[in-house]
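This report refers to the structure that appears directly beneath it.
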Amino acid sequence: MMNNNVIQVENLSKLFGDFAAVDTISFHVKAGEIFGFLGANGAGKTTAMKMLIGILSPTSGTATVAGFDVYKEAENIKKNIGYMSQKFALYDDLTVKENITFFGGIYGLTKKQIDQKRCELVEELGLQEVTNSLVASLPLGWKQKLAFSVSLLHEPKIVFLDEPTGGVDPITRRQFWEMIYKAAHQGTTIFVTTHYMDEAEYCDRVSIMVNGKIEALDTPKKLKENYNTNTMNDVFLKLARG
Amino acid sequence: MRIIRYIVKKEFKQIFRNKGMLPIIFILPVLQLVILSNAATYEIKNIMVGYVDADNSSSSRGLVERFDASTYFYVTNKFASEKEASEAMQGGSIDAYINIPTNFERDLQKDKINEVGVFIDAIDGSAAGVINVYISQIIKSYNKNIRLDLIQVSDGVQKTNNIDSIPLFWYNNTLNYKTFMVPGILVLLVTMITLFLSGMNIVREKEIGTLEQINVTPIKKHHFIIGKLFPFWVLGMGLLTIGLILAKVIFNTPMIGNLGLLYAYTSVYILVILGMGLFISNFTETQQQAMFIAWFFIVIFILMSGLFTPIESMPKWAQILTEFNPIKYFVEIIRMVMLKGSGFTDIFPLAIKTLAYAIVMNGLAVWSYKKTT
C-alpha cells in the first residue's frame, strides 16, 4: 500500500431518495489502528459501514478499503475484512463447532486450518463445555464473543464491528475490549461503532457522526481538550445537541 | 466445490434439526396423496333422480326400473306432479328428474315418436353434462329393447339397422380415475414442498440477519446458490420416491414406462421450481411475503395444469399461458411415462421446454440475487 491507510474515504455519500443518510464524509484509518465510529442512533454509522464492507453501493464519493475500490472491487474487499453486525448473525440452530466450521468453510479455509482455528478459539473463549451445544442456548455475551472470533477466523486485515457490545453486561464488555486489544496488537485494524462513550476512550482515534456528517475526528484526548470537557460523554453531548 | 459442500452440510443439519418442519416435509405430502387421490374424482356417482309418472303403465315402470338397476343412480321417489319435482330440485334433494307423459306406453306401441322430459340441475355444468349422457344412455338402451320387442312381436323378423360404436379405452381401460389422478397429485406435492421450502429458505436468512453475514464473505454467488438449493433438490427427489412407493402400494398405480426416465425428467423439473423459489425470495423481505407469492403462483399453476380440467378445453389465451406453467409439463409427462409407457422420444419436446425453462429461471434467479444493495 502506498500510504499507511487501510481505509481511505473521500466525500462519500449515500442518499435514500432525498434523505442523505451519509453526507459527504471523508476520513482515513491507519493500519493497526482502533478506530471508533461514534454517533447517535440514526446518525448514519451503519449505513457508512455497509458501504465500506461492500454490501451497499455508495451514491457518490470514493472509498478504498484494504486498497480496493468499494464500487468495483467489493469482492476483493470481502477477502480482507471481517464483519460483526449489530444483530447477532450466527446460526442459532447450529452448534458452536458447526458455526465455526461453516464460516471457516465459506471463507475457503482448509479443514486443517478450520480445526486448528476452532481449537484456538474454543480455548481462548473458554467454550470447551459448550462446543457441541446449540448457539441458541448460549448467553448473549458469549454469543457476541463467538461472533467476534468468527469474524477473525480468516485473519482479515480489518475487522468491522457494528455495536458489538450492545446489550452486554459490563464485565463481558470489558472482556470484549480485551479481545479487541489483542486482535489490534496482532496487527488487525479495528473499525468499531459504539454508543458507549467509555468505550470511545479505548480507541486510538474516534469520529463522531451527527446527521450523516462527521462533526469531529481526533484522538479522545484531543477531542476532550478541544471541547474543554473531562469525558467523551460530554464531547458527544455537546456535538449531538448542536 | 469444497465451499458448496460446507453449505450443503449446514442446510441438511438445519433441515433435520427443525422439528416443526420435518413432519410438514414428509408427512403432509403423504396425507395429501392419500386424501386427494381418493377424493378428487371426476366420476359422477350417486346421482339422486326422481320421477313423475303420469302414465303409470308397465312400460313407464320398466323405464324407472332401469334407473334403479344402474349403479350411478339412486331413484329417490315418485313425485305426484312436476311442480313437486321441481321444488325438490330447488331444495337440492335431487339432481335430476324424469317426466314420463301420459300415453307413454300407448304411443310406444303405436311406434310413434315419444318424448320423455329430463330435467337436470346444471349448476355444475360438467357434472350435468355427464348426468345427461348417463340418462340418455339408459333411455336409449331401453328404447332399443322396446323396439326390438315390438319388432319381434309384429313381424318376427329382426331388422334393426343401428350402427353401434364399441369404445376401446386405452391406457386406463377400467377408467379408474385414481390411475389418472395419483400421478398428477404426486406432481403437486413434489412441486409445492420444493417451492415453499426453497422460497422461504433464503428469505429466512434475510430475516434473521445471517444472509448479511454471508454477503460480507467473498463467497461466489453461484457457490452459495448451488449449496442452498441442492438440499431441496435432494428432498424433491426423495418426495418423488416416497410418492411413487405410496402410489404403488396403496393405489396400485400402473408404472408402465421407464422410471429412470421419470427420475431424469424430475431432476430437471425440480430445478425450474427451485429457481422460481429463489427468484421469489430475492424479491421479498419476509417469509410471509414469500409464502403469499408462492401460493399465488401455485394456485394458478395447479388450476391451469390440466390436472383437474383439460387444457384443450381452455380458451386460446389461457392455453398460451399454460406454456409457462411448469406443473403442466410434469403432469403431462408423468402420465405419459407411467400410464402410457412413453419413452424418451415421446417426451422429448416437453422435456426440452422444461430444460429451457430451468435455464432461464435459474439464470434470472442468480442474476437477481445481489450481494450488494
* Asked: If the cut-off is 21 Å between C-alpha atoms, which lysines fall inside it for residue B:248, apart from same-chain ones fewer than 8 positions away?
  -> B:178, B:340
* **For B:110, A:50, order by how many other beta-carbon atoms lie within 10 Å, fewest first** => B:110, A:50
* So, in Å, what gap is there between the alpha-carbon centers of segment A:26-65 and segment A:148-176? -> 17 Å
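Just need the relative contact order of chain B here, percent rounded to a whole number, with Cα pairs under 8 Å and 6+ apart. Kindly include the intermediate steps, with their values, before the conclusion.
On the way: 438 pairs, mean separation 68.2, N = 373.
Worked out over chain B, it gives 18 percent.
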* At most 16 other Cβ atoms within 10 Å and a DSSP loop assignment: could you name the chymotrypsin sites (Phe, Trp or Tyr not before Pro) in segment A:1-91 that fit? => A:71
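Count of lysine pairs in segment B:47-155 with Cα atoms under 22 Å apart, counting only pairs 8 or more residues apart in sequence or on different chains? Could the numbers behind the result be given before it?
On the way: B:78/B:140; B:110/B:140; B:110/B:144; B:112/B:140; B:112/B:144.
Lysine pairs, 8 or more places apart or on different chains, close enough: 5.
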* Calculate the mean, over all residues of peptide A:84-97, of how many other protein chain Cβ atoms lie within 10 angstrom of the residue's Cβ. => 4
* Structure fact -> Listed with the fewest Cβ neighbours within 10 Å leading, A:118, B:5 appear as B:5, A:118
* Would you mind finding the longest exposed-site-free stretch of chain B, with exposed GluC sites (Glu not before Pro) meaning DSSP loop and at most 16 other Cβ atoms within 10 Å? => B:116-284
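For the protein assembly as shown, just say rounded, prolate or oblate: build the C-alpha gyration tensor, square-root its eigenvalues into a ≥ b ≥ c, call rounded for a/c under 1.5, and beyond that prolate if a/b exceeds b/c, oblate if not.
Working: a/c = 3.66, a/b = 3.04, b/c = 1.20.
Here the protein assembly as shown falls in the prolate category.
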* Asked: Which of the aspartates and glutamates could be linked to residue A:87 by a straight reach, that is with a Cα gap under 15 Å, when you skip same-chain ones fewer than 8 residues away?
  -> A:162, A:163, B:205, B:207, B:212
* Asked: Within straight cross-link reach of residue B:353, meaning Cα distance under 12 Å, which aspartates and glutamates are found once same-chain residues fewer than 8 apart are removed?
  -> B:323
* Too-long pairs where the Cα-Cα distance tops 21 Å, listed order kept, from A:111/B:370; A:97/B:9; A:79/A:111; A:30/A:145; B:19/B:220; A:45/A:213 -> A:111/B:370; A:30/A:145; B:19/B:220
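Every read-out reported here was derived from the displayed coordinates using simple, explicitly stated rules and does not represent laboratory data. Here the structure is a predicted model, which means the values were calculated and not measured. Virtual Cβ from ideal backbone geometry, glycine too; neighbours counted across all protein chains shown.
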